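The values are calculated or read from the model by the stated rules, or taken from the named source; none is laboratory data. These figures come from a predicted structure and were not determined experimentally. Please note: Cβ atoms are built from the backbone with ideal geometry, for glycine as well, and neighbour counts cover all protein chains shown. Surface accessibility is based on the protein's heavy atoms, side chains included, excluding ligands, DNA and RNA. Shrake-Rupley method; radii C 1.70, N 1.55, O 1.52, S 1.80 Å.
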Amino acid sequence: MRILLVEDEPEMAAALADALKHHDMVVDQVGTLADAEEAVALNLYDAILLDRQLPDGDGLTMVPALRAKGAGVPVIVLTARGDLADRIDGLDNGADDYLGKPFAIDELLARLRAVLRRPPNMPAEVLKLGQLSLDLMHREASVNGTRFELPRRELLVLEALLRRMGRTVLRSALEEMVYSMDDEIQSNALDTHVSRLRRKLFEAEAGVEIHAVRGVGYLLKRSA
């Protein structure tokens, strides 16, 4: 899951980004309206967490522009301006939810899950191939019903490949699903994650194989 976090307060932004990454989300963090608009133009996001009081304007002005372009990405507005009139204003301008500061991380995560359950962003709850299953809600992989422990990056690679099982996933697309804009990506980092994941799947007898398509990307399919 790739999230755009638009928050200009450094400590708040860092805390939110860390919490989201802890739940296996890829987070792009920006601090201005202009940077947020640029990020949306360059990347596809599963959801946007949007502060209203930004240095260069009201973050809420971004939402009608998104909707006018047909972008259905869920937007949760995060703001200290939490009175009834402000909440109505935010929802009437196209936001999917409105969360007043301060808030609990668990509540934010619950609201994220709620907006992502709404069409057209409703993912399958469990992805399965061979003996392998991935529970998207609880962020848990299993083989033959036994929990299959993976580090965060490898879990993200697995999710990206499972979502497109049987199809080749371009390296560039895979990197976008696994790394945020601020991550420093070494040239062989993705290959390392894939190699370790491939070995673990084989050792666990998961019944699936990761195949490299030279110069293009990777695909996940059932073992022969």
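Here are the numbers for the structure shown:
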quantity	calculated
Residue in the stretch 96-107 that is in contact with a Pro (Cβ under 6 Å, 6 or more places away or on another chain) and among the acidic types (D, E) present	yes
Scan of the stretch 17-31 for residues that are farther than 21 Å from K101 by Cβ and either in contact with a helix residue (DSSP H, G or I) (Cβ under 6 Å, 6 or more places away or on another chain) or loosely packed, with under 14 Cβ neighbours inside 10 Å (or both), ordered by number	D24
Pairs with Cβ under 9 Å, 6+ apart, first in the stretch 210-224 and of a type in the set (G, A, S), second in a strand (DSSP E or B)	A212/Y218; A212/L219; G217/V169; G217/L170; S223/V208; S223/E209; A224/E209
Sole residue being open to solvent by 20 Å² or more (accessible area, probe 1.4 Å), farther than 19 Å from V115 by Cβ, modelled with pLDDT under 90 and not in a strand (DSSP E or B), chosen from A71, A34, A41, A14	A41
Cβ-Cβ under 7 Å pairs, at least 6 apart or on other chains, the stretch 170-199 side under 21 Å from K221 (Cα atoms), far side in a helix (DSSP H, G or I) and of a type outside the set (A, V, I, L, M, F, W, C)	V178/R153; L190/R171; L190/E175; H193/R153; H193/E154; R196/E154; L197/E154
